[in-house]
Amino acid sequence: MSNIAKNVAEIKARIAEAACRAGRSPEEITVVAVTKTRTVAEIREAVAAGLTHLGENRVQELCTKVASLPDLGVTWHLVGSLQTNKLRAALGHADLIHSLDRWSLAEQWARRVQAGDPPVPALVQVNVAGEDTKHGLAPNDVLPFLQRVVGLGSLQIKGLMTIAPLADDPEAVRPVFRRLRRLAAEAAEQNLPGVSMEILSMGMTGDYETAIAEGATHVRIGTAIFGQRSY
Ligand SMILES: *Cc1c(COP(=O)(O)O)cnc(C)c1O
């Protein structure tokens, strides 16, 4: 087995254990293999090992990868922040965008969909820990934002996403994941048209088991699959 195949097998086993400990089914959890900086050959190995969801954090790289791997039949995620001038390219290539993080982007998104661009569903990115270096809405702004987005009419919101602060001990970020889950539950109670809370995108290489314990449905994993990134 290649390293990538071994890594994928280990991650799947750890996810199954984490799900089981939380009284959840492993089938509820989707691994988004974060392929930024990785070669097409590495990506093919990950897909051969059974991964069917791939994520990129830059629109340009997403477009290149999608074009280089037309035969894969995978689901492509945009997990990184989205500049408004790249929105059109993102809508043309991604199947799910995890980074709706501001009103101006929502407005442009609705306008593009009304003009005929693909109605790609979105997750609202939340900066739960309030870090200056991270994108995302403040937790208290999420419900008002969703109510406003409903007025735009053309957006499909499928859940929430967060990036937890870097921490040596994944237990330290458990409250971040818990807060996102509770926010999603509050949002779901509003029964807003076009808004579902079926997806909670949280957890990366260092903290995915904790995220699963707190209800993650999508974990975004790069390093644990492919090894350290070199830029
Ligand atoms: C790079 C990246 C990941 C994956 O990080 P790893 O620590 O390598 O697993 C997850 N989410 C986002 C938004 C990223 O940019």
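The values are calculated or read from the model by the stated rules, or taken from the named source; none is laboratory data. Treat the numbers as computed from the prediction; the structure is a model and nothing was measured. Note that we place each Cβ from the backbone using ideal geometry, even for glycine, and neighbour counts take in every protein chain shown.
Filtering segment 140-171 to residues that are assigned to a helix (DSSP H, G or I), within 13 Å of the ligand (Cβ to nearest atom) and surrounded by 21 or more Cβ atoms within 10 Å (Cβ to Cβ) leaves nothing.
For segment 173-216, a tally of residues being farther than 19 Å from residue 28 by Cα and in a loop (DSSP other than H, G, I, E, B) returns 6.
Does residue 37 meet the test of being free of Cβ contacts under 8 Å to residues at least 24 places away in the same chain, surrounded by fewer than 21 Cβ atoms within 10 Å (Cβ to Cβ), over 17 Å from the mean Cα position of the chain (by Cα) and outside any strand (DSSP E or B)? Walk me through it before giving the result.
Values: free of Cβ contacts under 8 Å to residues at least 24 places away in the same chain: no; surrounded by fewer than 21 Cβ atoms within 10 Å (Cβ to Cβ): yes; over 17 Å from the mean Cα position of the chain (by Cα): yes; outside any strand (DSSP E or B): yes.
Spelling it out, it is not the case that residue 37 is free of Cβ contacts under 8 Å to residues at least 24 places away in the same chain, surrounded by fewer than 21 Cβ atoms within 10 Å (Cβ to Cβ), over 17 Å from the mean Cα position of the chain (by Cα) and outside any strand (DSSP E or B).
Apart from one condition, residue 51 fits all of (1) of a type outside the set (D, E, K, R); (2) crowded, with 22+ Cβ neighbours inside 10 Å; (3) outside any loop (DSSP other than H, G, I, E, B); the exception is (3).
Answer yes or no: is there a residue in segment 180-203 that is at pLDDT 95 or above, away from the ligand (no atom under 14 Å from the Cβ), buried (at least 19 other Cβ atoms within 10 Å of the Cβ) and over 17 Å from the mean Cα position of the chain (by Cα). Yes, segment 180-203 has at least one match.
Take the conditions (1) at negative phi; (2) at pLDDT below 95; residue 160 misses just one of them, which is (2).
Selection of first residues in segment 97-108 that are more than 23 Å from residue 202 (Cβ to Cβ) and of second residues that are more than 16 Å from the ligand (Cβ to nearest atom), restricted to Cβ pairs under 8 Å at least 6 apart or on distinct chains, gives the following pairs, ordered by first then second residue: 104/84; 107/152; 108/84; 108/87.
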